[in-house]
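Some notes on the structure that comes next.
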Amino acid sequence: TRSIRQALTELKEIDTILTEISKTSDRTEASLRKLGETSFATASKYGQKASDYLLGVQEMSRAGFDENSSEQMAELSTLAQSAGDMTAELANEYLIATNAGYKFGGSAEKLNAVLNSQNYITNRNALNMSELAEATKIVASQASQSGIGIDKMTAAVGTMIATTQQGGEVAARAFKGILMNLQQVKGTAEDIGDGGEDITTESLTKYEKACVDLGVSLKEVKDGVLQLRDPMVILEELANAVSKESEGSIKVANLINAVGGKFCLVT
């Protein structure tokens, strides 16, 4: 009796989701019927519910993906839920943000490669896929704009999460704030979302001076033009410079204070 009730509840949920999909896409009645029928087989491949898969299709449709792409993305979301033990909501947001941030054009192949790579890392370090997915969702766009590839971004936030054990969201927002300072990008505390202070022209100048005091420049002259340096190179130089400072160093304190006290700075 319990199994029958669960099945009926699932069928009702599927019917509701299909109705919503019909409102956010131009699918025909035949297409919706086929989607409902195939949802069970697709979801069962990964040990997930058909409704979770269809929620993925719904979210991908809302995000602007066509029929084929929305189904591919939804299946990848279902795989992420199974492999990373994450909710359907997080899996969908993670894939949509990664796709948009790194301009993958809805390529399921590229996103699958990211998922496999990140899952490999989580299996060998003290973090889980849900934490890394949360972090990627938050920082992907800023990292991409800063010229940091997905692999380097994963390595950076993965190290922060594993080292600090403060969770993906906290590490990602700290890293995002640091990148904005390195790239001299102004923004509000709401942009970063960590409850800290706004990044203003004054605070950016303060941060740059703190870096220079440690012997690290944020800019370089290339082909006769003054431009910002690679943020990952700067972070490596800062880490080396900080490691050479004595405990209680004023220079290090000024650097951390300039970036808003982000605990992940040296990590």
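The values are calculated or read from the model by the stated rules, or taken from the named source; none is laboratory data. Computed from a predicted model, the values in this text were never measured in an experiment. Every residue, glycine among them, receives a Cβ derived from its backbone with ideal geometry; neighbour counts consider all protein chains shown. To get the accessible areas, we keep the full protein, side chains included, count just its heavy atoms, and leave off ligands, DNA and RNA. Shrake-Rupley method; radii C 1.70, N 1.55, O 1.52, S 1.80 Å.
Just give me the residues in region 213-227 being in contact with a strand residue (DSSP E or B) (Cβ under 9 Å, 6 or more places away or on another chain) and either in a helix (DSSP H, G or I) or closer than 21 Å to Asn240 by Cβ (or both), in sequence order. Within region 213-227, Leu218, Lys219, Glu220 qualify. Evaluated against (1) more than 22 Å from Ser117 (Cβ to Cβ); (2) at pLDDT below 90, Ala83 falls short on exactly one condition, (1). The helices (runs of 4 or more DSSP H) found entirely in region 1-109 that carry 1 or more residues being under 22 Å from Leu132 (Cα atoms), open to solvent by less than 40 Å² (accessible area, probe 1.4 Å) and acidic (Asp, Glu) are 50-62.
Scanning region 206-219 for residues that are without any contact (Cβ under 8 Å) to a residue 24 or more places away in the chain and within 29 Å of the chain's Cα centre (by Cα) yields Ser217, Lys219. Would you say Ala162 is small (Gly, Ala, Ser), surrounded by 22 or more Cβ atoms within 10 Å (Cβ to Cβ) and under 30 Å from Gln118 (Cα atoms)? When the stated conditions are applied, Ala162 does not pass them.
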